[in-house]
1. Which residues' amide hydrogens lie under 5 Å from the amide hydrogen of residue 118, considering only partners 5 or more residues apart or on another chain, with H built in the peptide plane?
2. Beyond 16 Å, what percent of the Cα pairs of the range 36-147 remain?
3. Kindly put 180, 50 in sequence by how many other C-beta atoms sit within 10 Å of each C-beta, fewest to most.
4. Would you tally the net charge around residue 72, using a Cβ to Cβ cut-off of less than 15 Å, leaving residue 72 out, and scoring K and R as +1, D and E as -1?
5. Only four residue types carry charge here, +1 at the Cβ of Lys and Arg and -1 at the Cβ of Asp and Glu. Report the dipole size of the chain about the Cα centre in Debye, rounded to the nearest 20.
6. Which whole-number percent gives the relative contact order of the chain, counting Cα pairs below 8 Å spaced six or more residues apart?
7. For the chain, list the DSSP H helices whose alpha carbon atoms reach 18 Å or more along the long axis and whose average Kyte-Doolittle value is 0.0 or above?
8. For the chain, max minus min Cα coordinate along each principal axis, in Å, sorted largest first?
Amino acid sequence: MPASSRHQRLNKGAFSKVDKMLPDGSLLAREWLHCREYFHEESKGVRRFLFCHRRKRSKNIAAFMGAVESVLAIEEKSVFGPTQRHNISWARVSSWWVESSMKRSFLTILLRCAQNYSVRRGDFQEALFSTQYTRDTEFAVRRFFDGNTKYAGRCKGWYNQFRPVEGVAMPADMVDRLLLRPFVEGTNS
């Protein structure tokens, strides 16, 4: 799917909601937000978007996010693909990611990690902790990937909630109180 953007210069990490799909299949992006936190605030309910990344990383991003969703056992899978620009990909994300603000915030962090994934090497763990956002919140990331995907706090933004304060990591018991296993109807959990 091509993405129309009037050839504006974008920095990696920029996101845009898809304004509309044109009859030729092109995706029209009117406003690019150059910060994942701004995009997180503006993306409530948004399932289709474009994002700018390092050149020629679209296949790696799609593979990494496929692995993420497999680990998390997300049933409705997201779809990622390239555009005609080597540094912009499109995404149609699972409704699972947009059902909570914290998941949307974490998704934007995972997309940054995904740029560092190598399909050839299969270095999922290395890519997962390849950004400051995930390295600084490693315990919370691991809890999330262990199935504790329900956020019980009030803070907005993954990094704002779980980052170290004055060089001290958030205590594990506090992370445990904030990231819970979701209740699944029909089970004993």
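Derivation of every value follows stated rules applied to the coordinates shown; laboratory data play no part. Only a predicted model underlies this, so the values are computations on that prediction, with no experimental measurement involved. Cβ: placed from backbone, ideal geometry, glycine included. Neighbour counts: every protein chain shown.
1. So residue 118 has HN proximity to 123.
2. Numbers: 3557 of 6216 pairs.
Considering the range 36-147, 57 percent of its Cα-Cα pairs are separated by more than 16 Å.
3. Details: 180 14, 50 25.
Placing the least packed residue first, the sequence is 180, 50.
4. Values: positive: 77, 103, 104, 142, 143, 150, 181; negative: 69, 75, 76, 99, 146.
Here the charged neighbours net out to +2.
5. On the way: 32 positive and 19 negative charges, 163 e Å.
The dipole of the chain has a size of about 780 debye.
6. Values: 316 pairs, mean separation 33.0, N = 189.
Reported relative contact order: 17 percent.
7. Working: long enough: 58-71 (20 Å, 0.72); 101-114 (20 Å, 0.69).
Long hydrophobic helices here: 58-71, 101-114.
8. Each principal axis gives a Cα extent; for the chain these are 50, 40, 33 Å.
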